[in-house]
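Here the structure is laid out as structure tokens; the discussion comes afterwards.
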Amino acid sequence: MLDVQIAQELIQEGLSFGADFVDVYVEQTVHSVIAIKDQKVKDIKTGTDFGIGIRALFGDKSVYGYTNIAEREELLRIVALICGLDRKPGQGKARNLKVQRSADRQPAQRGLDRDAAYEEKIAYLLKVDEYARKNPKIVQMDIGSLQKWQTVQVFDSEGLAMEDQRHYTRLPLTAIAADGSKQARAFHGPGGARGWELTRDLDPQEMADLLVKRALTVLHADPCPAGKMPVIIDNGFGGVIFHEACGHLLETTSVEKKASVFHDKMGEMIAHEAVSAVDDGTIPGLWGSINMDDEGMPTQKTQLIRNGRLESFLVDRLGHMKTGYARTGSGRRQSYKFAPASRMRNTYIEAGPHSVEAMLSTVKEGLFAKVMGGGSVTPGTGDFNFAVEEAYLIKDGKIDRPVRGATLIGSGPEVLRKISMVGQNLELSPGMCGSVSGSIPVTVGQPALKVDEILVGGEA
């Protein structure tokens, strides 16, 4: 990692160019990937990436550069390169730096620094394949593991000098079922800010059963009818709609540009009073949890919406400077190749008082979106289009039959006002989020929600 004296010298150099603030982000990441297809190990990859990113702020203008070379002369060249065009008289003096270790909320027992043997990992993954293939309609299995061990240092001109260790493990599992000319796919991807000990809580038989059930349900489903109807979106990955169509609108990255429809709604009702939502980086072991953000600020639990009223945005340093809202420990980035930006961590709608049965009983004809798939969202407005991976028709207050090809089409801000019932069964699910500072691990989540009306696209 970077010598503290060199970090201090870089900050001093940036201040001498007239920068109002300088920070240095140092990252070393060890990767390990195993990919298995149809019971054969297809790929094993390992590697280490290292780099240093330097940011200087001139007022609220940010300039950024990075390099893989940790030599003093190269780093000073980067500082001169990014600061040269904005140079002004500077009298700032870098403070003495003394590195502190962030409080470890996510301790890993078998991270890549104390790794499990490849033979153990491969044997575990092959069990999922073996159990799933006991059903003759499962014709293909793509399974694997992704692990990362990240060490970061953050230094800044206000005297901050922090170091953090982060471990991540995820298991992407895909099953393909076929019956004649019909095919169906099911995905499950458990993960956490943990080492290989994550698998102690994951039964290969249960994961295989879940994949087979999903794939076979879709395989034999009827086409979904189209039209406006009440929709119950089930828990877990159903929260991807809130994340994509509302959560991004609460990041100061879009608020500061007034590109978000929520930019001037602080303190106002933006959702049905049944809706409360948080972004919480403190939950131990979750995929989107962190000890500190990539600006060195300790993570926190941020109440975004309470009983329908907007209470907070997600705010990084630059967002604070441009909007005046207090920082929330939300400055995140994929790697040293990106400057930090305000981003989500574990974002979810909080549990409410209703059971799924109570919600179903209020619907004469509608859709039960059991498992959400991928989709697209228009930045700023939150207009979305999401596929439903596993869906069922609701008829006379009960689940009727599975349907395929359903999509949910609408606007995030409008849907927030049409959520009339919130379930008790809160569940969280890991995913990857792409935005201006790259792709980062996040968790989405919600209990089951009843939305009084959404436009459903279908095949029937």
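The values are calculated or read from the model by the stated rules, or taken from the named source; none is laboratory data. Fair warning: this is a prediction, and the values are worked out from it, not measured in the lab. Please note: Cβ atoms are built from the backbone with ideal geometry, for glycine as well, and neighbour counts cover all protein chains shown. We work out accessible area using only protein heavy atoms, side chains counted, and drop any ligands, DNA or RNA first. Shrake-Rupley method; radii C 1.70, N 1.55, O 1.52, S 1.80 Å.
What pairs come out if I take residues in the range 419-436 that are farther than 21 Å from Phe187 by Cβ and in contact (Cβ under 8 Å) with a residue 12 or more places away in the chain and pair them with residues that are assigned to a strand (DSSP E or B) and open to solvent by 30 Å² or more (accessible area, probe 1.4 Å) whose C-beta lies under 7 Å away, six or more apart or interchain?
Ser420/Asp452; Met421/His354; Val422/His354; Gly423/His354; Gln424/His354
Report yes if some residue within the range 224-244 is in a helix (DSSP H, G or I) and open to solvent by 20 Å² or more (accessible area, probe 1.4 Å); otherwise report no.
Within the range 224-244 (the criterion being in a helix (DSSP H, G or I) and open to solvent by 20 Å² or more (accessible area, probe 1.4 Å)), the answer is yes, since at least one residue qualifies.
Mind checking which residues of the range 193-223 are in a loop (DSSP other than H, G, I, E, B) and open to solvent by less than 40 Å² (accessible area, probe 1.4 Å)?
Ala193, Gly195, Leu202, Ala221
Every residue, every condition in (1) in contact (Cβ under 8 Å) with a residue 40 or more places away in the chain; (2) open to solvent by less than 40 Å² (accessible area, probe 1.4 Å); (3) in contact with a Ser or Thr (Cβ under 8 Å, 6 or more places away or on another chain), yes or no:
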position: Gly18; (1), (2), (3): yes, yes, no
position: Val24; (1), (2), (3): yes, yes, no
position: Gln28; (1), (2), (3): yes, no, yes
position: Ala35; (1), (2), (3): yes, yes, no
position: Val41; (1), (2), (3): yes, no, no
position: Asp60; (1), (2), (3): yes, no, no
position: Tyr66; (1), (2), (3): yes, no, no
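Which of the numbered conditions does Gly352 fail, given that it passes all the others? Conditions: (1) part of a loop (DSSP other than H, G, I, E, B); (2) open to solvent by 50 Å² or more (accessible area, probe 1.4 Å); (3) under 25 Å from Gly431 (Cα atoms).
With respect to (1) part of a loop (DSSP other than H, G, I, E, B); (2) open to solvent by 50 Å² or more (accessible area, probe 1.4 Å); (3) under 25 Å from Gly431 (Cα atoms), Gly352 is out only on (2).
Just for the range 81-98: of the residues that are open to solvent by less than 60 Å² (accessible area, probe 1.4 Å) and modelled with pLDDT under 85, which one is nearest to Ala161 (Cα to Cα)?
Filtering the range 81-98 down to residues open to solvent by less than 60 Å² (accessible area, probe 1.4 Å) leaves 82-84, 86, 90, 92, 94, 97.
Of the ones still in play, those that are also modelled with pLDDT under 85 are 90, 92, 94.
On the way: Gly90: 22, Gly92: 18, Ala94: 12 Å.
Out of the qualifying residues, it is Ala94.
Would you point out which residue out of Lys398, Lys364, Lys370 is open to solvent by 70 Å² or more (accessible area, probe 1.4 Å), among the basic types (Lys, Arg) and under 23 Å from Gly247 (Cβ atoms)?
Exactly one residue qualifies, and that residue is Lys370.
Which one of Ala271, Ala259 is open to solvent by less than 20 Å² (accessible area, probe 1.4 Å), in contact with a helix residue (DSSP H, G or I) (Cβ under 9 Å, 6 or more places away or on another chain) and more than 25 Å from Pro190 (Cα to Cα)?
Ala271
With the requirement that a residue be free of Cβ contacts under 8 Å to residues at least 24 places away in the same chain and under 29 Å from Leu426 (Cβ atoms), what does the range 315-349 give you?
Scanning the range 315-349 gives a single hit, Ala326.
For every residue, the table says whether it meets (1) within 15 Å of Tyr348 (Cβ to Cβ); (2) part of a helix (DSSP H, G or I); (3) modelled with pLDDT of 95 or more.
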{"position": "Lys258", "(1), (2), (3)": "no, no, no"}
{"position": "Val261", "(1), (2), (3)": "no, no, no"}
{"position": "Val278", "(1), (2), (3)": "yes, no, yes"}
{"position": "Thr282", "(1), (2), (3)": "yes, no, yes"}
{"position": "Trp287", "(1), (2), (3)": "yes, no, yes"}
{"position": "Ile290", "(1), (2), (3)": "no, no, yes"}
{"position": "Glu295", "(1), (2), (3)": "no, no, yes"}
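Looking only at residues that are under 24 Å from Ala391 (Cβ atoms) and in contact with an Asp or Glu (Cβ under 6 Å, 6 or more places away or on another chain) in the range 141-192, which one is surrounded by the fewest Cβ atoms within 10 Å (Cβ to Cβ)?
The first filter runs over the range 141-192 and keeps only residues under 24 Å from Ala391 (Cβ atoms), leaving 141-142, 172-190.
Subset that is in contact with an Asp or Glu (Cβ under 6 Å, 6 or more places away or on another chain): 141, 174.
On the way: Met141: 23, Thr174: 17.
Checking each candidate, the answer is Thr174.
Just to be sure I understand the filter: pairs with C-beta atoms under 9 Å, separated by 6 or more residues or on different chains, first member in the range 237-264 and among the basic types (Lys, Arg), second member open to solvent by 10 Å² or more (accessible area, probe 1.4 Å) and not in a loop (DSSP other than H, G, I, E, B). Which pairs pass?
Matching pairs, first to second residue: Lys257/Lys322.
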